[in-house]
Each structure stands twice: as structure tokens, then as C-alpha cells.
Amino acid sequence: MDVPCRFTVGISTEPEVMTNAAERLLGLTPDEIRNIATDILFGQLRLVIATMDIEEINADRDKFLAAVSQNVEAELRKIGLKLINVNVTDIRDESGYIEALGKEAAAKAINDAKKSVAEQNRYGEIGKAEADRDKDIRIAETSRDTRINTALANAKAVEGENSSKIAIAQSDATRREKQAEAERIAVAAEKVQAAKALQEAYQSERDAELARAEREKATQQANIVVAAEIDKQKKIIEAEAEAEQLRRKAKGEADAIFAKMDAQARGTLEILAKQAEGFGQLVSAAGGDAQQAITMLITDKLPELVKTQVEAVKGINIDKVTVWDGGKGENGKTATANFVSGLMGSVPPLEDLLKMAGMSLPNYLKGTPEAAPAEETKTEE
């Protein structure tokens, strides 16, 4: 409903209400006070409209204004204001129901007026007929009184009476016919207006239902589509946040792996650099001969190499050895001695291990006497 209205509001002069005004409104600007009053007025106006039927609002404007004034006055007193005057200029609704009510009332008034006119015409015709009948009766009575004097006059009087009766009957028939026609026209007009009013009412109801359906559709769309869109955006944001978290975590892990590998590479580089530096010092100590430096390294590692050879047979657990000795020992060795010698012989000799590395033991480690250096021959002149 559209209810254009004007409210005149001011600070109340009642002491109690003025105290409310001092507590509620002190320090506010006129625009802020006007906004507060406007909110209260609109809220109470909606409340009054919701509690009354539209027919009641349209038919009894005074009751509507009294209800608005009563509700608004009670609420305004709470903030120290007083309702001075309220003026409702018009009441309209979007569906046109109030306008249809006005059209229905206008059509009913027109039909009532037409009916009243027809009734008055009917009364006039009846009065005229009755006057004519009274006149004819008087003429007949006069003719009857003079019938003794003259038969001709009596006959004429009778003829006139009959003619009057015929005229009266014809007039009455005509009156009834016109009355019936007028009533038929009035009833038809009433039915036509009633049908038009029903048609307009049905159209208004249809428009109202369509408007309600559109409103329900908009509400459902706001409740479902908007909620789904918000949920979709929320999931997108959560997915992006999770992806960003995974990216940062992966970057952190990659940085950690890179730092670890970089540290290992630096450590390996430092070890190799130190080894190269030590090997260079070792070569320098060997007089620049790399082969002698390698020999020195091998000599330093000989205990480990021998230990490795011993470890090859150290783990063999021989619970019991049975040797069939035929007494054919050679070089003073028995079969048992040959078995042990063969077992040790299965271990690669140290010389063979060095040859695999491209080196050889010096003669003093192999037990081979070194060749005497060739003596230089001096020629005396």
C-alpha cells in the first residue's frame, strides 16, 4: 500500500516527556532527530496498516488516522517528542484493489439511482392511472345519475365507461410492459456492472498473485542463488588459500633441500680441496714424484689392507676338519698343512690387489733384493 502522509512533530512541553527528550535527543542534530522520528513514524504506520483490512482502511479513514495517531504518539513520547498533526492525503495500493472498490461503489450508486428513477416513473404511471380511473368513475357515477333522464346519455355513459375501462386496461398493460422493460434493463445493468466488477476484481487478484509469485521467485533466488554464489566464492578463496599454502610449503621444502644440497656440495668441495691440498703437500714432500707419493700413501694404508685380507677368512667358522693323509707329503708338508695353505692361497695376495690399482709393491716389501746400482766407469786420462 502507498499511503502519502504528512506528520508534524515537535518537542513535548510535558515535564516527564521533556526529560525523555533531554536524555534521548540532547546533542543530536535536527537531521538526526528527524531521521529517528521518521523511522518511528514509518514503523508504526506499517504496524497499523498490517492490523487493519484494506476495506476498513478505505471506508473508515477516521479510525485509521486515530489508530496511527495513538500508536505514533505512544512511541514518540519515549524519546521526548509529541505528534502535533497527521494528514493522510491518499491511500493507494499496487494491485488497484482500492480503485476497484471505488468503481464498484460508483457502479452500485448509479444502479441504485436508475432503480429509484424507474420506481418513481412507475409510481407516476400508477398515480396517473388511478386519477384517470377516479375520473372515469366519477363520470360513470354522474352518467348513472342522469341515466334515468335519458337513455342515450346512459348508453353513451356506459360506452364511455367501457371505453375508459379499456383505456385503463391498455394504460395498465402499457405501464406494466414499460415497468417490466425498465426492471429488465436495470437488472441487466446491475448484472453487467457486477460482472465487470468481478472481472476487475479477478484481474486485480491475478495481478496480485503474479506480483506475489515474482516476489517469491526473487526471494528464492536471493536465498538460494546468492547463497550458492557466496559459497562458491568462499570455496574458490579457500582453494586459492590452500594452493598458496601448498606453493609456499613446496617452496620452503625446495629451499631447504637446496640449502642442504648446497651445504653438502660445499662440504664435499671443502673435503676435496683439503685432500687435494694435502696430496699436493705429500707430492712436494716426495720431491715432486707423484709415484713416490702414492707409494707413501699405500705404505700408510698397508695395515688396513692386511687387515682386510685377514677379515676375508676371519669370519669362517670351521667346527671340524677331517683330513685323510695318505703319507705322501711333499717338501715336508702334510695334507693338513696343504689344506691350510690352500685356504690362505684363496685370498688375493697383496701384490695382486696393488696391480689391480695400477701399482706395485717396492722390492723391499716383496722380499726381492734390489738390483745393485750400476757403477759408473771412470776413465782416467
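The values are calculated or read from the model by the stated rules, or taken from the named source; none is laboratory data. Please read all numbers here as calculations on a predicted model, not as lab measurements. Virtual Cβ from ideal backbone geometry, glycine too; neighbours counted across all protein chains shown. For the accessible areas, the whole protein counts, side chains as well, though only heavy atoms, and no ligand, DNA or RNA atoms are used. Shrake-Rupley method; radii C 1.70, N 1.55, O 1.52, S 1.80 Å.
Of note:
- Failed condition for Tyr202, given (1) among the hydroxyl-bearing types (Ser, Thr, Tyr); (2) open to solvent by 90 Å² or more (accessible area, probe 1.4 Å); (3) touching a residue at least 60 places away in the same chain (Cβ under 8 Å): (3)
- Lone unmet requirement of (1) open to solvent by 60 Å² or more (accessible area, probe 1.4 Å); (2) of a type in the set (A, V, I, L, M, F, W, C); (3) in contact with a helix residue (DSSP H, G or I) (Cβ under 8 Å, 6 or more places away or on another chain) for Ala182: (1)
Yes/no per residue for (1) more than 30 Å from Ala211 (Cα to Cα); (2) open to solvent by 50 Å² or more (accessible area, probe 1.4 Å); (3) out of contact with any Gly (no Cβ under 7 Å at 6 or more places or on another chain):
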position: Thr13; (1), (2), (3): yes, yes, yes
position: Glu23; (1), (2), (3): yes, yes, yes
position: Leu45; (1), (2), (3): no, no, yes
position: Asp53; (1), (2), (3): no, yes, yes
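- Among the candidates Ala276, Ala188, Ala254, Ala194, the residue that is open to solvent by 60 Å² or more (accessible area, probe 1.4 Å) and either small (Gly, Ala, Ser) or in contact with an Asp or Glu (Cβ under 7 Å, 6 or more places away or on another chain) (or both) is uniquely Ala276.
- Residues satisfying the stated conditions in the range 64-110, i.e. modelled with pLDDT of 75 or more, in contact with a helix residue (DSSP H, G or I) (Cβ under 7 Å, 6 or more places away or on another chain) and outside any strand (DSSP E or B): Phe64, Ala67, Val68, Asn71, Val72, Glu75, Leu76, Arg77, Lys78, Ile79, Gly80
- In the range 160-187, the residues that are small (Gly, Ala, Ser) and within 19 Å of Val117 (Cα to Cα): Ala180, Ala182, Ala186
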